[in-house]
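A.B. asks: There's a structure below that I have some questions on.
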Amino acid sequence: MLSHGLLPDSGAPSKEILQRWLDEQGIIRDEGLDIVDMEDGSGWRLDAGTNMKLGDLICSIPKTSILSHRTSSLPPLPFPVPSAAETTIHLSDEEKSIGVNPILHLTLCLLHEFGLNKKSKFYGYLQSLPRVIIGLPIFWNIFEIGGIDGEKGYKWLKGTECERELKLRENEGLGLSNLQKFYSNYASHLPPTSTHSERSPIVAFYYCFSLISTRAFMIDLYHLIGLCPFADILNHSIGNGNTSLSSDDFVCHLCGSLKTCQEHDIVNDNNGIAYRLLHLDQKDIERIESDEDDDTVELRLESPLRLLQDNNEKGIKEKEKVEIFNSYGDNLSDSKLLVEWGFILDEFTGDGLIWDLEDLNIGYPENKMDKIWEIINEVAENIEIDKMNKEDEEKHEEDGEDDLICGQNEKNQKLLNLDQSGRLSINILCLSVLFEYLEKNAISEIDTNSNKIRGLLVKEIREIQDIWLQIDSDSNQNTGKTPRTSNNKIKSPVIRRIRELLQTRLSKMHKHEFTQDQLFDLRDSLKPEDKYQYMAMTISINERVLIISAMNKWEEMARHVKNQ
């Protein structure tokens with residue numbers, strides 16, 4: 001791998017140097033915690049040597065010891081970095097063209113601190129960080145970083161949710177071209193140091209970006225994002241996360257003060273308290289206003305932690321230590337984990353396969369979709385697909401994998417997806433039925449026909465669900481139930497549309513013509529060092545399994561409707 005040239009004389013990461021630095025910074029840690037080497041040599045983990053209760057403090061980190069663009073010694077950029085209010089992230093065309101982004105700004109700050117080497121106030125922390133570039137997919141096609149494994153692995157991302165996640169990152173100003181443009185514009189802003197008198201190669205910027213992408217936390221309105229020493233040692237777990245970072249983020253965005261800032265805050269005339277604090281309970285306001293200690297971020301235990309027990313011939317014994325896990329977020333998919341953190345868990349979490357509205361080829365302008373979504377939401381609530389599925393599962397003692405349709409996503413009602421059980425979103429089905437109906441009847445006005453459309457959708461969706469329940473029952477036990485059906489002038493083209501949607505998604509994948517057995521054999525033949533190919537193929541295989549499972553269901557539906 002191409003060398004980034006940073007910390008050339010520092011040797012391997014040292015726990016002892018880090019611990020001394022943490023003490024100097026006043027970073028409080030539970031005494032029963034140990035930093036331990038991972039078995040595979042990939043880094044460190046945090047182990048607990050004692051039982052811990054709900055709410056116990058894991059660590060408390062003064063915000064002054066966080067590495068952010070506010071605490072770095074890098075001089076301010078000549079172009080303003082977007083404020084917290086602008087970083088959701090919606091950047092102007094001008095900002096996007098230059099690549100200005102808080103994540104890229106922090107990347108430049110980190111590169112500068114590395115350039116200072118032992119003269120950086122963060123050196124004790126910096127020397128603890130991994131020395132190699134984290135293998136994010138954004139770098140796989142750079143041969144000097146990803147090698148042949150990266151080039152071949154990147155091909156397997158074609159047509160997958162990983163490809164979609166990479167495009168989303170690019171839209172946020174975090175694509176490879178954004179990194180290159182940003183560094184081209186701002187590399188000259190890095191002051192020369194005694195160890196780096198010349199401009200660092202761009203691979204050094206890539207290295208720093210990989211660390212920021214995989215280790216940075218959202219902090220508050222002042223720091224925006226930052227590296228949190230010690231807290232970033234914790235690894236991610238989906239179902240076993242013990243903690244997550246907490247921070248009072250409602251600080252003054254100009255100076256970082258948590259308590260009322262007389263210089264910058266707009267205050268309430270009645271009590272002189274900053275409006276940004278008025279959403280808090282009075283006791284919390286009083287605590288903040290009277291506190292003279294530094295503002296901190298914390299990790300506290302969010303579920304009790306007991307040392308695991310092993311059964312052996314001598315009876316039951318407690319393990320000496322157990323790892324403490326962080327949670328990077330709820331229900332994260334392997335694709336998102338790979339794109340943003342460089343690993344997968346193969347746990348079949350996330351929202352499955354996702355489509356954008358334009359992928360459905362519905363031919364209706366997006367700016368006129370509000371009324372349609374209003375109708376679809378009412379239909380979804382009326383039909384209660386999830387309740388019907390649950391009742392059917394209870395009858396057949398199944399786990400939902402044989403259901404045809406899933407209800408709306410709780411966090412995103414407009415999500416268009418095929419979930420991890422191979423069930424098609426009711427939104428996709430509603431849109432497919434709706435636009436077949438509009439097209440066949442040459443209807444362009446929704447408002448005046450909303451009641452009729454609502455009734456049509458309820459009827460068609462229920463009939464499609466009934467047909468599938470009948471097919472599913474026939475394959476298990478003949479219930480004698482007759483599905484509610486009318487004519488198939490809408491159903492047949494809707495089913496065809498959905499089958500084409502699934503087939504199109506499959507055809508966009510790398511080696512889409514391969515059978516599942518061929519894919520598994522190919523993956524099993526990989527060498528241990530082919531880690532990028534393995535992760536990419538795993539994601540591609542898992543998504544194909546979902547698509548093929550759904551295609552089989554809808555092909556069965558097509559045969560049934562044709563024979564009616």
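The values are calculated or read from the model by the stated rules, or taken from the named source; none is laboratory data. Note that the coordinates shown come from a computational prediction; the quantities given were computed from them, not determined experimentally. A quick note on method: Cβ atoms are made from the backbone with ideal geometry, for glycine too, and the neighbour counts reach across all protein chains shown. Just so you know, the surface numbers come from the protein's heavy atoms only, side chains and all, with ligands and any DNA or RNA stripped out. Shrake-Rupley method; radii C 1.70, N 1.55, O 1.52, S 1.80 Å.
A.B. asks: At a 1.4 Å probe radius, carbon and sulfur cover how many percent of the accessible area of the chain?
C.D. replies: Working: 12900 of 27860 Å².
Roughly 46 percent of what the probe reaches on the chain is carbon or sulfur.
A.B. asks: If R₀ is 30 angstrom, what is the calculated FRET efficiency for the pair residue 77 and residue 132, using the beta carbon separation as r and rounding to 0.05? Don't skip to the end; give the middle numbers.
C.D. replies: Details: r = 28 Å, r/R0 = 0.92.
Once rounded, the FRET efficiency stands at 0.60.
A.B. asks: Now, a different point. How large is the Rg to Rh ratio of the chain when both quantities use alpha carbon positions and Rh follows Kirkwood?
C.D. replies: Rounded to two decimals, Rg over Rh is 1.01.
A.B. asks: Under 12 Å from the 7 Å Cα→Cβ point of residue 118, by amide nitrogen: which residues of the range 31-75?
C.D. replies: none
A.B. asks: Now, a different point. Restricting to Cα pairs below 8 Å that are 6+ residues apart, what does the relative contact order work out to for the chain? Please round to a whole percent.
C.D. replies: Relative contact order here is 17 percent.
A.B. asks: Mind checking the angle between helix 426-441 and the chain's longest principal axis? C-alpha axes, 0 to 90 degrees, to the nearest 10.
C.D. replies: Taking the Cα atoms of the chain, the angle to 426-441 is about 50 degrees.
A.B. asks: Further, regarding this structure: Residues in the range 406-446 near a label at residue 374, defined as backbone nitrogen under 15 Å from the 7 Å Cα→Cβ point?
C.D. replies: Answer for the range 406-446: 445-446.
A.B. asks: Determine the gain in length on full extension of the stretch residue 302-residue 14; use 0.36 nm per residue of separation and subtract their C-alpha separation, reporting nm with one decimal.
C.D. replies: Taking residue 302 through residue 14 to full extension adds about 100.8 nm, to one decimal.
A.B. asks: Same structure, new question: Quick one: 3J(HN,Hα) in Hz for the range 147-158, Karplus 6.51/-1.76/1.60 with θ = phi - 60°, rounded, Gly and Pro as x.
C.D. replies: x, 5, 4, x, 4, 6, x, 4, 4, 6, 7, 4
A.B. asks: Can you give me the solvent accessible area of residue 195 with a 1.4 Å probe, rounded to the nearest 10 Å²?
C.D. replies: For residue 195, the solvent-accessible surface is approximately 70 Å².
A.B. asks: Put 328, 206 in order of accessible area, largest first, 1.4 Å probe: what do you get?
C.D. replies: 328, 206
A.B. asks: Could you compute the FRET efficiency for residue 345 and residue 249, with r as their C-beta to C-beta distance and R0 at 41 Å, rounded to 0.05?
C.D. replies: 0.90
A.B. asks: May I pose another question? Return the whole-Å distance between the Cα centroid of the range 229-257 and the Cα centroid of the range 112-136.
C.D. replies: Cα centres, the range 229-257 to the range 112-136: 20 Å.
A.B. asks: Restricting to DSSP loop positions (anything but H, G, I, E, B) with no more than 10 other Cβ atoms inside 10 Å of their own Cβ, which GluC sites (Glu not before Pro) remain in the range 144-231?
C.D. replies: 198
A.B. asks: All other residues with a Cβ under 9 Å from the Cβ of residue 221 taken together, and with Lys, Arg as +1 and Asp, Glu as -1, what is their net charge?
C.D. replies: Once positives and negatives cancel, what remains is -1.
A.B. asks: Just subtract the alpha-carbon distance of residue 269 and residue 563 from 0.36 nm times their residue separation and send over the number in nm, one decimal.
C.D. replies: Details: separation 294, 0.36 × 294 = 105.84 nm, distance 7.52 nm.
Contour length minus Cα-Cα distance gives 98.3 nm.
A.B. asks: Right, here's the next one. Determine the gain in length on full extension of the stretch residue 38-residue 280; use 0.36 nm per residue of separation and subtract their C-alpha separation, reporting nm with one decimal.
C.D. replies: On the way: separation 242, 0.36 × 242 = 87.12 nm, distance 4.13 nm.
Between residue 38 and residue 280, full extension yields 83.0 nm more.
A.B. asks: Just to confirm the number: angle between the C-alpha axis of helix 202-215 and the first principal axis of the chain, 0 to 90 degrees, nearest 10?
C.D. replies: Tilt relative to the chain: about 70 degrees.
A.B. asks: Could you state the accessible area per residue of the chain in Å², with a 1.4 Å probe and every protein chain left in place?
C.D. replies: 49
A.B. asks: Work out the FRET efficiency for residue 330 and residue 184 from their Cβ-Cβ distance, taking R0 = 60 Å, and round it to the nearest 0.05.
C.D. replies: With R0 = 60 Å, the Cβ-Cβ based efficiency is 0.95.
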